[in-house]
Amino acid sequence: MSAPFEKQFDTPVNRHGTQSTKWLKFPPDVLPMWVADMDFAAPGFILDALRERLDHPVLGYTDRPASLNEALRDWLAHHFGWEVPDAWIVWVPGVVPALNLAARCVDPGDNLLIPTPVYHPFLDLAANAGIRDVRVPMRLDHDVWQMDMDAMSAASDTHTRMLMICNPQNPTGRAYDAEELAALARFVEANDLLLVSDEIHCNIVLDPASRHIPVAAAHPEIARRTISLYAATKVYNIPGISCAAAVIPDPGLRRRFLDARAGLMPGIGPLGFIASEAAFKDRGPWVGELVDYLRGNLALLAAALGPRLTPLQATYLAWIDVRDLELEHTEPYFVQHGLGISPGEQFGTPGYIRLNFACPRSVLADGIERLNSAIEARLNALHG
Ligand SMILES: Cc1ncc(COP(=O)(O)O)c(C=O)c1O
């Protein structure tokens, strides 16, 4: 790792005064390791692009630059070998809004299939759209969380219209392999489903033996059934800029998605366009060095937690087994011990917690200490 970026990742950034959602949620003595927002400065080339735009004093309503589509298309081709025509791309002010629009492509009376645990806004999609969801627990097989095709088959009915997944998976950190995605594609086709694949974490693959595979690229036979979602916001740590893209090959499905959006969503602001374009054009070392740094953090966490930590391939979110602590509510317990985590029940799976380890090592060391002392205190209280 070259020195400048490692130093950048190692240096705590004081976020006080920025109204940071992450840092305002808990009292100041609680270390926040919850929401997927990294405590690292965004790369200089994105900040420079924003500064350059701010040299012009008017931040008016802004049309999407054609060069943004080009940047996304080149990025998808460069990283994943996926050639996407311009017409397939729809921009939205966030992946969560896009998930909600996708759910509105399902007719009233039909339902959504959702493997759990899953990033918690998935669990609100059906209610928001006035339809039903069918939640199917993933299978934990030798420490590997997998979509359970048999259980999904059994849970589906004639009204099941859409399967919604995220890959890489939040919160389990799975990057689904070619075989799993092939099984998924067969399942989608056999059951005549639409598939929504939230791939926002696609550039944060930590396991050198894994890679991200966009399902619609690997399986052109189901591409017309898919909505794939991307954003530069996770990997470049610019989640506050609100800009994301949906790739929707089928014109009819794209029309429904656009109709669902009409009049409800704000346009994307000029800063969202500028930052996203700078990010999608990046081919420099920043992401690789971020991934290296996160690998180092993950190794520390794995050494400290042992088998509690689900081995993960992607994301900077650790999925930690605390079932033996027998806590009805994990969040208040860990907060009492100075640590702000995301409780497993939020993702549909109690007995686990999710911890964001994208922070400087010194902060991580503090977090690990708080986590371990909380665990130890509870085990002592339970077993003496
Ligand atoms: C899987 C997943 N999808 C979507 C989002 C949020 O996307 P956005 O901020 O673009 O709505 C997150 C943020 O944590 C996420 O982990």
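What's the total number of residues in the stretch 117-137 that are within 17 Å of the chain's Cα centre (by Cα), surrounded by 20 or more Cβ atoms within 10 Å (Cβ to Cβ) and over 15 Å from residue 197 (Cβ atoms)?
1
So which residues in the stretch 201-228 are polar (S, T, N, Q), within 15 Å of the ligand (Cβ to nearest atom) and in contact with a Ser or Thr (Cβ under 9 Å, 6 or more places away or on another chain), if there are any at all?
If the condition is that a residue be polar (S, T, N, Q), within 15 Å of the ligand (Cβ to nearest atom) and in contact with a Ser or Thr (Cβ under 9 Å, 6 or more places away or on another chain), then 228 is the only one that fits.
Within the bounds of the stretch 208-215, is there any residue that is of a type in the set (Ser, Thr, Tyr), assigned by TED's automatic domain parsing to the domain that holds residue 102, in contact (Cβ under 8 Å) with a residue 60 or more places away in the chain and not in a strand (DSSP E or B)?
Scanning the stretch 208-215, I find at least one residue that is of a type in the set (Ser, Thr, Tyr), assigned by TED's automatic domain parsing to the domain that holds residue 102, in contact (Cβ under 8 Å) with a residue 60 or more places away in the chain and not in a strand (DSSP E or B), so the answer is yes.
Scan the stretch 283-314 for residues that are touching a helix residue (DSSP H, G or I) at 6+ places or on another chain (Cβ under 9 Å) and closer than 10 Å to residue 358 by Cα and jot them down.
If the condition is that a residue be touching a helix residue (DSSP H, G or I) at 6+ places or on another chain (Cβ under 9 Å) and closer than 10 Å to residue 358 by Cα, then 290, 293, 294, 297 are the ones that fit.
Out of all the residues in the stretch 232-247, which are near the ligand (Cβ under 8 Å from one of its atoms) and assigned to a strand (DSSP E or B)?
Within the stretch 232-247, just 244 meets the criteria.
Can you find even one residue in the stretch 126-148 that is under 26 Å from residue 267 (Cα atoms), touching a Cys at 6+ places or on another chain (Cβ under 7 Å), in the same structural domain as residue 190 (by TED's automatic domain parsing) and at pLDDT 95 or above?
Within the stretch 126-148, none of the residues are under 26 Å from residue 267 (Cα atoms), touching a Cys at 6+ places or on another chain (Cβ under 7 Å), in the same structural domain as residue 190 (by TED's automatic domain parsing) and at pLDDT 95 or above.
All but one of (1) away from the ligand (no atom under 13 Å from the Cβ); (2) of a type in the set (D, E, K, R); (3) in a helix (DSSP H, G or I) hold for residue 124; which doesn't?
Among (1) away from the ligand (no atom under 13 Å from the Cβ); (2) of a type in the set (D, E, K, R); (3) in a helix (DSSP H, G or I), residue 124 violates only (1).
Being surrounded by 13 or more Cβ atoms within 10 Å (Cβ to Cβ), on the phi > 0 side of the Ramachandran plot, assigned by TED's automatic domain parsing to the domain that holds residue 127 and at pLDDT 95 or above is the requirement here; does residue 94 meet it?
So residue 94 fits the description; yes.
Filter the stretch 105-114 for residues that are surrounded by 20 or more Cβ atoms within 10 Å (Cβ to Cβ) and either in a loop (DSSP other than H, G, I, E, B) or within 13 Å of the ligand (Cβ to nearest atom) (or both) and give the result.
Passing the criteria: 105, 106, 114.
Let me confirm something: among 289, 331, 326, which residue is more than 30 Å from residue 63 (Cα to Cα), away from the ligand (no atom under 16 Å from the Cβ), touching a strand residue (DSSP E or B) at 6+ places or on another chain (Cβ under 9 Å) and not hydroxyl-bearing (Ser, Thr, Tyr)? Lay out the reasoning, then the answer.
Numbers: 289 fails: touching a strand residue (DSSP E or B) at 6+ places or on another chain (Cβ under 9 Å); 326 fails: touching a strand residue (DSSP E or B) at 6+ places or on another chain (Cβ under 9 Å).
Answer to the selection: 331.
Take the stretch 335-383 and flag every residue that is under 15 Å from residue 318 (Cα atoms), hydrophobic (A, V, I, L, M, F, W, C) and part of a helix (DSSP H, G or I).
347, 364, 365, 368, 371
Of the residues that sit in the stretch 72-90 and are out of contact with any Pro (no Cβ under 9 Å at 6 or more places or on another chain) and surrounded by 19 or more Cβ atoms within 10 Å (Cβ to Cβ), which one is nearest to residue 259 (Cα to Cα)?
Of everything passing the filter in the stretch 72-90, 89 is nearest to residue 259 (Cα to Cα).
Test residue 198 against the criterion of being under 30 Å from residue 276 (Cα atoms), buried (at least 22 other Cβ atoms within 10 Å of the Cβ), within 16 Å of the ligand (Cβ to nearest atom) and not polar (S, T, N, Q), and give yes or no.
yes
I'm trying to understand the selection: among the residues of the stretch 1-58, which are aromatic (Phe, Trp, Tyr) and either assigned to a helix (DSSP H, G or I) or exposed (fewer than 11 other Cβ atoms within 10 Å of the Cβ) (or both)? Walk me through it before giving the result.
Taking the stretch 1-58 and keeping what is aromatic (Phe, Trp, Tyr), we get 5, 9, 23, 26, 34, 40, 45.
Those that are aromatic (Phe, Trp, Tyr) and either assigned to a helix (DSSP H, G or I) or exposed (fewer than 11 other Cβ atoms within 10 Å of the Cβ) (or both): 5, 9, 23, 45.
Identify the residue in the stretch 26-83 that is without any contact (Cβ under 8 Å) to a residue 60 or more places away in the chain and of a type in the set (Lys, Arg) and, among all such residues, is farthest from the ligand (Cβ to nearest atom).
That would be 51.
Filter the stretch 59-79 for residues that are assigned to a loop (DSSP other than H, G, I, E, B) and either under 11 Å from residue 280 (Cβ atoms) or among the hydroxyl-bearing types (Ser, Thr, Tyr) (or both) and give the result.
61, 62
Return a yes/no flag: does the stretch 233-251 have any residue that is aliphatic (A, V, I, L, M), free of Cβ contacts under 8 Å to residues at least 60 places away in the same chain and not assigned by TED's automatic domain parsing to the domain that holds residue 36.
Looking for residues that are aliphatic (A, V, I, L, M), free of Cβ contacts under 8 Å to residues at least 60 places away in the same chain and not assigned by TED's automatic domain parsing to the domain that holds residue 36, one finds at least one in the stretch 233-251, hence yes.
The values are calculated or read from the model by the stated rules, or taken from the named source; none is laboratory data. Because the structure is a prediction, the values reported are computed rather than measured. Neighbour counts run over all protein chains shown; Cβ positions are idealised from the backbone, glycine included.
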